[in-house]
Amino acid sequence: MRIGFGYDAHRLAAGRKCILCGVEIPSPLGPHGHSDADAPVHALIDAMLGALALGDIGTLFPDSDSRYEMADSIELLKKVYCLVNENGYILSNADITIILQSPHLGQYIMQMRQKLAQALDTEIGAISVKATTEEKMGFTGDGTGIACTAVAALTVRCVP
Ligand code: MG
């Protein structure tokens, strides 16, 4: 079993789509970035890469590379999971925390879990997505940004 941790934060900007775990959330502000800036997915990618010591999202998909401009992060996640599989591992479970003052994400959690489970070809019970605020403290609290953490546990793939 291998365990990895990932963290990502993005500034929030007006007029940007708010896509979190591949789900578009109605919001006047969205994460700013080179790709679709899906911060929880970026954290999950880094957790999986970290578990196998394979580097990080920035080295695999540099923001200087125009191929990743407005990239769908779910597609990047699928690519990283292929890499995990090629290295002989599968996802055991993942646990993501999204730290955002608003909007409230409760009603979208199930959809996010489904989206990630589908992308990773696993069961919804293997994917946890949680949302919290920092009670108006700091950059998430004042609405400047979003932060996300992720932990991923990988197990050796059974060879038939
Ligand atoms: Mg990011």
Q: Might you report the magnitude of the Cβ-based charge dipole of the chain about its Cα centre, with Lys and Arg at +1 and Asp and Glu at -1, to the nearest 20 debye?
A: 220
Q.
So for the stretch 2-156, averaging the separation of alpha carbon pairs under 8 Å that are six or more residues apart and normalising by length, what relative contact order in percent results?
A. 33
**Q.** Fraction of beta bridges assigned by DSSP in the stretch 2-156 that are antiparallel (%, nearest 5)
**A.** 80
**Q.** Additional length obtainable on full extension of the chain from ARG157 to ARG11, 0.36 nm per residue less Cα span
**A.** 48.8 nm
Q. Length gain on complete extension for the stretch ASP65 to ASP95, per 0.36 nm per residue less the alpha carbon to alpha carbon distance?
A. 7.9 nm
Q: Whenever you get a sec, compute what percent of the accessible area on the chain sits on carbon and sulfur atoms (1.4 Å probe).
A: 52
Q: Pop a pseudo-label 7 angstrom from the Cα along the beta-carbon direction at both THR132 and GLN111 and give the gap in nm to one decimal.
A: 2.5
(Q) Can you return the lysines within cross-link range of LYS78? Criterion is Cα-Cα under 17 Å, with same-chain partners fewer than 8 residues away left out. (A) LYS115
**Q.** Rh by Kirkwood over Cα pairs, then Stokes-Einstein D for the chain at 1.567 mPa s and 4 °C, µm²/s
**A.** 83
Q) Which of the aspartates and glutamates could a cross-linker bridge to LYS130, judged by Cα under 14 Å and excluding same-chain residues fewer than eight apart? A) ASP95
(Q) I'd like to check one number: the per residue accessible area of the chain, probe 1.4 Å, reported in Å² as a whole number. (A) 51
Q. Using helices alone, what [θ] at 222 nm do you get for the chain, with -39,500 (n - 2.57) per DSSP H run of 4 or more residues, divided over all residues and rounded to the nearest 500?
A. -8000 deg cm²/dmol
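The values are calculated or read from the model by the stated rules, or taken from the named source; none is laboratory data. A quick note: this is a predicted structure, and the numbers were derived from the prediction, not measured. For neighbour counting, all protein chains shown are included, and Cβ atoms are generated from backbone atoms with ideal geometry for every residue, glycine included. Areas reflect the complete protein model, heavy atoms only, side chains present, ligands, DNA and RNA absent. Shrake-Rupley method; radii C 1.70, N 1.55, O 1.52, S 1.80 Å.
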